[in-house]
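*Asks:* Take a look at the following structure, please.
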Amino acid sequence: MKQDVRESTKTTVCKYIVDIGDDYFLVTFTSKQDQYQTMLGGLWLIYDNYLTLREWNPNFNPLDDHLEKVVVRVHFFQLANRVF
């Protein structure tokens, strides 16, 4: 999985990618601009699996963490755009 994360971040400038366990990775960027571009730049997929991104929290524990909210973008192809 770590190699997959590395391959998907080739378009951004990453300093480090560290596997912190339980399928969580810590990514350090060379600049704030690269970080913002990655965080706000759209959907991230690795082998058709969506990645969930979030800012670092110093009290983060990968074994005790649970997602409480996820923002989801849904597109219904059969509906006209004016319905949205």
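The values are calculated or read from the model by the stated rules, or taken from the named source; none is laboratory data. The shown structure was predicted, so the numbers you read here are calculated from the model rather than taken from an experiment. A quick note on method: Cβ atoms are made from the backbone with ideal geometry, for glycine too, and the neighbour counts reach across all protein chains shown.
*Asks:* Evaluate the following for ASP65: is it surrounded by 12 or more Cβ atoms within 10 Å (Cβ to Cβ), modelled with pLDDT of 75 or more and touching a helix residue (DSSP H, G or I) at 6+ places or on another chain (Cβ under 9 Å)?
*Replies:* Working: surrounded by 12 or more Cβ atoms within 10 Å (Cβ to Cβ): yes; modelled with pLDDT of 75 or more: yes; touching a helix residue (DSSP H, G or I) at 6+ places or on another chain (Cβ under 9 Å): no.
Criteria not met by ASP65.
*Asks:* Further question: Go through the stretch 40-50 residue by residue and tally those that are closer than 20 Å to ASP19 by Cβ and loosely packed, with under 12 Cβ neighbours inside 10 Å.
*Replies:* The first filter runs over the stretch 40-50 and keeps only residues closer than 20 Å to ASP19 by Cβ, leaving 44-47, 49-50.
Those left that are additionally loosely packed, with under 12 Cβ neighbours inside 10 Å: 45, 47, 49-50.
Counting residues in the stretch 40-50 that are closer than 20 Å to ASP19 by Cβ and loosely packed, with under 12 Cβ neighbours inside 10 Å gives 4.
*Asks:* Please count how many residues of the stretch 2-46 are touching an Asp or Glu at 6+ places or on another chain (Cβ under 9 Å), modelled with pLDDT under 80 and either at positive phi or not basic (Lys, Arg) (or both).
*Replies:* Counting residues in the stretch 2-46 that are touching an Asp or Glu at 6+ places or on another chain (Cβ under 9 Å), modelled with pLDDT under 80 and either at positive phi or not basic (Lys, Arg) (or both) gives 5.
*Asks:* Pairs, please: C-beta under 7 Å, at least 6 apart or cross-chain, first residue more than 15 Å from ARG73 (Cα to Cα) and free of Cβ contacts under 8 Å to residues at least 12 places away in the same chain and in the stretch 34-50, second among the β-branched types (Val, Ile, Thr) and surrounded by 12 or more Cβ atoms within 10 Å (Cβ to Cβ)?
*Replies:* Once the first residue is more than 15 Å from ARG73 (Cα to Cα) and free of Cβ contacts under 8 Å to residues at least 12 places away in the same chain and sits in the stretch 34-50, no partner that is among the β-branched types (Val, Ile, Thr) and surrounded by 12 or more Cβ atoms within 10 Å (Cβ to Cβ) comes close enough.
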